[in-house]
Amino acid sequence: RFVPRPDIKVYHLDVQVYECRQESSNGDELIAIFLHDNFARPNKQGGAWMSAYRTQARHTDGTRIVPVVVNNNNFSKAAPGEQALLSFDDATTLFHEFGHGLHGMLSDVAYHRLAGTNVLQDFVELPSQLYEHWLAEEEVLKRHARHVDTGVPIPDELIARMKAAQTFNQGFDTVEYTVSALLDQALHTAPNVADVDIPAFEAAELERLGLPKGIVPRHRPPHFLHLFAGDSYAAQYYVYLWAEVLDADGFDAFKEAGDIFDPSVAQRLRTHVYSAGNSVEPGVTYRAFRGRDPVVEPMLKGRGLVTV
């Protein structure tokens, strides 16, 4: 549970602070300190991200070092006396970053360097993208997506339209992303790039891949910042789609249990994904959660690319 701590001094009045606590064998245990910095303001970096002011670890006597985690968003702040409203895309961002936040807060490993989100790049988006799935569930929408003035829950017909829209244009979107990921790997496996003609290299690679004429890559090499603004995503732009394979298959575990809040599945997810950090090889820890290797069909079904 999250307990507000308005008494803790923060760097800006918009920031809200919470204690994350749970009942355990140690009594009412403090798990993490969580800061929520939700609104845009002058001089604040754009976008949305999770950071940790202190990562989780254990002292030599085994006691747990409590992590301090922050979620940063850039939502539009409401006028005085009014409520801030989020679009569905905003709410997706909120859930996504909170998934990263939980990855940091629920970490339970021995060493800082293995804690929380310090995992391989093709695993780090699993906890965040998986958490997005709950947002689109009717049980969650009926509880939280309410009319700002009347409090009436979102109508069924609007939920149906939203779900139908989620698969719109997914053939195009999937191909434009995938071809960018393949182009990324081709660039990073080229034997000699000293004198490479980037436009010619791109054209040849797209011809080799057989990209349909009506589709272009999501990112062209001259502005492919994921690859060249740093090394985190170099040759690894594929990770978002691979994480989608994992998150869709992982959420199916709750569907198979017949309850999107099934306690036993949730405990396995916490133990083997959100708490394990990089202390266990990702394939091993995913199999411990799911009972098998991931399969691609739930991702394809979620995108409307297969009907089975």
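Per-structure values
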{"quantity": "Longest DSSP-loop-exposure-free segment, trypsin sites (Lys or Arg not before Pro), the chain, at most 15 other Cβ within 10 Å", "calculated": "78-212"}
{"quantity": "Residue order for Val140, Val10 - accessible surface, 1.4 angstrom probe, largest first", "calculated": "Val10, Val140"}
{"quantity": "Relative contact order %, segment 137-259, counting alpha carbon pairs below 8 Å whose residues are six or more apart", "calculated": "24"}
{"quantity": "Segment 108-206, relative contact order in percent, only Cα pairs under 8 angstrom and at least six apart counted", "calculated": "12"}
{"quantity": "Radius ratio Rg over Rh of segment 1-107, counting only Cα atoms, Kirkwood formula for Rh", "calculated": "1.01"}
{"quantity": "Correct choice for volume of the Cα convex hull per residue in Å³ that was computed from the model, options (1) 179; (2) 215; (3) 195", "calculated": "(3)"}
{"quantity": "Dipole-positive endmost among Gly27, His112, Pro199 within the chain (Cβ charges, Cα centre)", "calculated": "Gly27"}
{"quantity": "Förster radius 30 Å - calculated FRET efficiency between Trp49 and Asp149, Cβ distance, rounded to 0.05", "calculated": "0.35"}
{"quantity": "Debye, to nearest 20: dipole size of segment 198-300, +1 on Lys, Arg Cβ, -1 on Asp, Glu Cβ", "calculated": "120"}
{"quantity": "Solvent-accessible ranking of Trp49, Trp134, Trp242, largest area first, probe 1.4 Å", "calculated": "Trp242, Trp49, Trp134"}
{"quantity": "Computed over the chain: relative contact order in percent, which uses C-alpha pairs under 8 Å that are six or more apart", "calculated": "16"}
{"quantity": "Accessible area in the full protein assembly, largest first, 1.4 Å probe, for His100, His12, His144, His223", "calculated": "His144, His223, His12, His100"}
{"quantity": "Spatial separation of Cα centroids for segment 173-222 and segment 239-308, in angstrom", "calculated": "30"}
{"quantity": "Accessible surface of the chain, 1.4 Å probe, proportion on carbon and sulfur as whole %", "calculated": "55"}
{"quantity": "Average accessible surface area per residue within the chain, 1.4 Å rolling probe, Å²", "calculated": "55"}
{"quantity": "About the Cα centre, charge dipole magnitude for segment 92-139 (Lys/Arg +1, Asp/Glu -1 at Cβ), debye", "calculated": "380"}
{"quantity": "Karplus-derived HN-Hα couplings along segment 72-78 (A = 6.51, B = -1.76, C = 1.60, θ = phi - 60°), whole Hz, x at Gly and Pro", "calculated": "10, 10, 9, 6, 6, 7, 6"}
{"quantity": "Residues with amide H under 5 Å from that of Ile31, placed H, sequence gap 5 or more", "calculated": "Cys20, Arg21, Gln22"}
{"quantity": "Lysine pairs in the chain with Cα atoms under 19 Å, if 8 or more residues apart or on separate chains", "calculated": "7"}
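The values are calculated or read from the model by the stated rules, or taken from the named source; none is laboratory data. If you're wondering where the values come from, they're calculated on a predicted model, not measured in any experiment. Glycine gets a Cβ as well: all are built from the backbone with ideal geometry, and neighbour counts include every protein chain shown. Each accessible area value is taken on the protein alone, full model and side chains, heavy atoms only, with ligands, DNA and RNA left out. Shrake-Rupley method; radii C 1.70, N 1.55, O 1.52, S 1.80 Å.
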